[in-house]
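The values are calculated or read from the model by the stated rules, or taken from the named source; none is laboratory data. Since this is a predicted model, take the numbers as computed values, not measurements. All Cβ positions, even for glycine, are placed from backbone atoms using ideal geometry, and neighbour counts span all protein chains on display. Note: areas computed on protein heavy atoms with side chains; ligands, DNA, RNA excluded. Shrake-Rupley method; radii C 1.70, N 1.55, O 1.52, S 1.80 Å.
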Amino acid sequence: MRMLINVPETVVADALRGMAAAHPELTVDVENRVVVRGDAPVAGQVALVSGGGSGHEPLHGGFVGPGMLAAACPGEVFTSPVPDQMVRAAAAVDSGAGVLFVVKNYTGDVLNFDMAAELAEDEGIRVAKVLVNDDVAVTDSLYTAGRRGTGATLFVEKIAGAAAREGRPLEQVEALARRVNESSRSFGVALSAVTTPAKGSPTFDLPAGELELGIGIHGEPGRERRPMMTSGEIAEAAVDAVLTDLAPRNPVLVLVNGMGATPLLELYGFNAEVQRVLGERGVAVARTLVGNYVTSLDMAGASVTLCEIDEELLGLWDAPVRTPGLRWGM
């Protein structure tokens with residue numbers, strides 16, 4: 001194992017200390033594992049709170065800031081945060097306008113955010129929840145009942161965060177977040193296995209010369225293994241899997257997302273093939289984002305997420321945002 005760490009037991013705490021040093025505009029509570037925008041709570045604004053296991057950076061802590069999340073709760077690597085973290089985050093950012101929990105569909109996250117919502121409401125905080133379940137690869141997996149939550153989480157957090165920044169009420173922000181999730185689909189491909197700090201070796205066996213179609217962001221099995229394919233062939237498999245489940249009549253947002261170890265040179269080349277396939281399938285593209293946003297530690301591979309949009313959603317996507325992992329217009 002060759003990793004830029006001290007010891008596996010302190011990986012998350014060390015990363016949070018580094019985040020605090022790099023981003024003084026955030027309030028990073030290393031001991032209690034909560035990342036909060038420094039000006040929270042913001043009067044009159046719904047506060048978005050999300051979280052999940054570490055190892056998917058910049059998701060979620062890297063998306064805390066104006067125009068996106070008000071707070072994030074990092075768990076241990078590939079492990080859900082606990083309800084106490086979520087309640088602490090909600091209390092830190094609630095201005096009285098309510099809190100929206102954005103929850104990826106993984107069993108631990110769902111159970112803990114459900115419990116946290118009840119505890120927060122007991123403390124007088126109004127809470128709504130939206131479940132992100134955009135992955136079309138498999139219906140159930142090692143970590144989920146139903147579809148996994150993956151790349152669409154970024155779309156939900158950005159668009160709902162923009163709506164919250166406009167001062168829209170909790171019910172509207174929640175409805176928008178649900179609409180974005182329902183309009184989004186994702187499909188991922190792994191070219192190598194992921195290695196967690198605690199294990200120190202690949203978490204599954206992927207022989208040389210093979211890839212896995214439909215992989216999850218924790219290394220969960222996908223649909224099938226095949227001999228290595230070209231970038232164009234992978235793009236056709238991924239886009240067609242998404243379009244089988246999503247038949248957009250309007251333009252789409254495109255996220256070409258790296259799994260953590262794929263260079264931008266390859267991701268931009270892959271995006272060229274994704275755009276080619278979308279053009280051949282008659283799908284218009286409104287905006288494209290390429291990079292490592294919803295990752296899986298050191299996994300090589302990529303995912304494609306499409307979100308069908310209208311003028312309202314596009315305007316909210318284009319709205320200013322300032323976070324460590326996503327920023328424009330400010």
Problem set entry | The lone exception for residue 137 - which of (1) surrounded by fewer than 21 Cβ atoms within 10 Å (Cβ to Cβ); (2) small (Gly, Ala, Ser); (3) not in a strand (DSSP E or B) it fails | (1)
Seminar exercise, completed: Taking segment 4-40 and keeping residues open to solvent by 50 Å² or more (accessible area, probe 1.4 Å), touching a Gly at 6+ places or on another chain (Cβ under 8 Å) and part of a loop (DSSP other than H, G, I, E, B) leaves 24, 25
Seminar exercise, completed: Checked 100, 59, 48, 69 against criteria (under 15 Å from residue 295 (Cβ atoms), in contact (Cβ under 8 Å) with a residue 12 or more places away in the chain and open to solvent by less than 10 Å² (accessible area, probe 1.4 Å)); the one match is 59
Exercise. If you take the residues in segment 136-173 that are acidic (Asp, Glu) and at pLDDT 95 or above, which one is nearest to the chain's Cα centre (by Cα)?
Worked result: 157
Exercise. Say we look at segment 121-134 and pick out the residues that are in a loop (DSSP other than H, G, I, E, B) and not polar (S, T, N, Q); which of these is nearest to the chain's Cα centre (by Cα)?
Worked result: 134
Problem set entry | Among the residues listed as 84, 94, the single one being at pLDDT 95 or above, in the same structural domain as residue 171 (by TED's automatic domain parsing), more than 21 Å from the chain's Cα centre (by Cα) and surrounded by fewer than 20 Cβ atoms within 10 Å (Cβ to Cβ) | 84
For this session: Just name the residue that is surrounded by the most Cβ atoms within 10 Å (Cβ to Cβ) out of those in segment 257-290 that are within 23 Å of residue 318 (Cα to Cα) and either touching a Ser or Thr at 6+ places or on another chain (Cβ under 7 Å) or modelled with pLDDT under 95 (or both).
Result: 257
Problem set entry | Out of 230, 196, 203, sole residue that is of a type outside the set (Phe, Trp, Tyr), open to solvent by less than 40 Å² (accessible area, probe 1.4 Å) and on the phi < 0 side of the Ramachandran plot | 196
